[in-house]
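One structure is given below, encoded as structure tokens.
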Amino acid sequence: MPAMALVQTERCGAVVVVELNRPDAGNALSNALVGELAQVLATGTAGARAVVVTGAGRHFCAGADLAELAAGAAAPEGERVADAMRLAAVYAELLRAPAFTVAAVQGAAFGGGAGLAACCDLVIAGPEARFQFSEARLGFVPALISTFLPRRVAPALLARLFLDPEPLGPEAARAAGLADEIAAEPLATALARADEVARKVAPSAVAETKRLLLELTVPELDARLAAAARVNARQRAHPECRRGLAEFLASKRFPTWTA
């Protein structure tokens with residue numbers, strides 16, 4: 001694959017594969033990775049009929065880079081909001097992509113990583129895939145992803161997944177709406193599905209249908225993401241979030257919130 005260090009691309013005919021490339025960190029969404037991913041989605045997939053998003057190594061995406069999240073807690077509010085908006089822009093770019101999009105999920109798809117998969121039109125989960133939303137256990141909130149996850153997951157179920165976080169295997173994720181198919185080789189299956197859609201559906205019809213459906217399911221997307229970014233920034237500075245991140249980074253265990 002050519003390209004950037006943290007996000008690599010490969011063109012396979014009409015399909016572009018976008019691979020998150022921080023395998024040693026579970027492809028966590030660092031500021032640098034988010035910046036490269038935004039650039040790739042904006043310019044590196046031009047002309048593609050379909051886009052497959054995947055992760056290098058064992059995991060799809062472990063979510064936020066917790067060390068960076070903790071380090072930025074004391075930054076001015078404007079900087080925290082701008083930081084959240086950079087990730088919001090990636091979600092918006094993927095949701096608005098005119099091409100058919102497929103997530104090939106292996107291993108962890110946690111928090112913002114599960115959100116990244118949920119932005120796609122089709123999610124293929126491998127047998128070892130795990131989906132989880134652990135933000136509240138850290139004293140944080142799943143603010144950005146809450147704006148568009150109801151496209152896939154019923155609100156009552158989503159509340160339970162957010163407030164009583166447990167990992168979902170591939171079958172449970174499919175039942176919840178977070179995954180569409182389960183495959184032994186998720187990337188190969190994703191490529192096959194992407195190529196199939198690219199061959200049988202007119203590109204203008206794909207783009208226009210996606211635009212209409214996004215307007216129907218997430219009206220005023222930009223305003224919702226901006227409001228969520230402010231919530232994200234506010235909670236990031238909260239003492240409980242600072243404590244939760246510090247304890248988890250020190251022990252790799254979630255804190256206990258009773259006295």
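Coordinate-derived values only; no laboratory data. Fair warning: this is a prediction, and the values are worked out from it, not measured in the lab. We place every Cβ from the backbone using ideal geometry, glycine too, and count neighbours over all the protein chains shown.
What FRET efficiency comes out for the pair Phe254/Arg234, r = Cβ-Cβ distance, R0 = 25 Å, nearest 0.05?
0.70
Divide, for segment 163-259, the radius of gyration over alpha carbons by 2.2 N^0.38 Å, where N is the residue count.
1.61
So what are the ³J(HN,Hα) numbers for segment 221-232, from phi and the Karplus equation (6.51, -1.76, 1.60; θ = phi - 60°), rounded to whole Hz, Gly and Pro as x?
With coefficients 6.51, -1.76 and 1.60, one gets 4, 4, 5, 5, 5, 5, 5, 5, 4, 5, 5, 3 Hz.
Which whole number of Å³ per residue matches the convex hull of the alpha-carbon atoms in segment 66-199?
Normalising the Cα hull of segment 66-199 by residue number yields 107 Å³.
Mind checking the angle between helix 239-251 and the chain's longest principal axis? C-alpha axes, 0 to 90 degrees, to the nearest 10.
Value to nearest ten degrees: 80.
State to the nearest 20 debye the size of the charge dipole of the chain about its Cα centre, where the only charges are +1 on K and R beta carbons and -1 on D and E beta carbons.
That gives a dipole near 260 debye.
Mind checking the angle between helix 77-95 and the chain's longest principal axis? C-alpha axes, 0 to 90 degrees, to the nearest 10.
Roughly 20 degrees, rounded to the nearest 10.
Once the cut-off is 13 Å, how many percent of the Cα-Cα pairs in segment 1-59 end up in the long-distance tail?
Value for segment 1-59: 55 percent of Cα pairs lie more than 13 Å apart.
What is the list of residues in segment 99-124 whose amide nitrogen lies under 20 Å from a point 7 angstrom out from the Cα of Leu213, following Cα to Cβ?
99-105, 114-124
Treating only the Cβ atoms of Lys and Arg (+1) and Asp and Glu (-1) as charged, compute the dipole magnitude of segment 165-210 about its Cα centre; round to the nearest 20 debye.
Magnitude of the dipole: close to 220 debye.
Can you give the helix-only mean residue ellipticity at 222 nm for the chain, where every DSSP H stretch with n ≥ 4 adds -39500 (n - 2.57) and the sum goes over all residues, rounded to the nearest 500 deg cm²/dmol?
-14000 deg cm²/dmol
Bin all alpha-carbon pair distances of segment 1-120 at 10 Å intervals from 0 and give each bin's fraction as a whole percent.
14, 48, 30, 7, 1
Once the convex hull of the C-alpha atoms of the chain is built, how many Å³ does it hold per residue, rounded to a whole number?
Residue-normalised Cα hull volume stands at 119 Å³.
Which of Leu245, Leu216 has the fewest other C-beta atoms within 10 Å, and how do the rest follow up to the most?
Result, fewest neighbours first: Leu216, Leu245.
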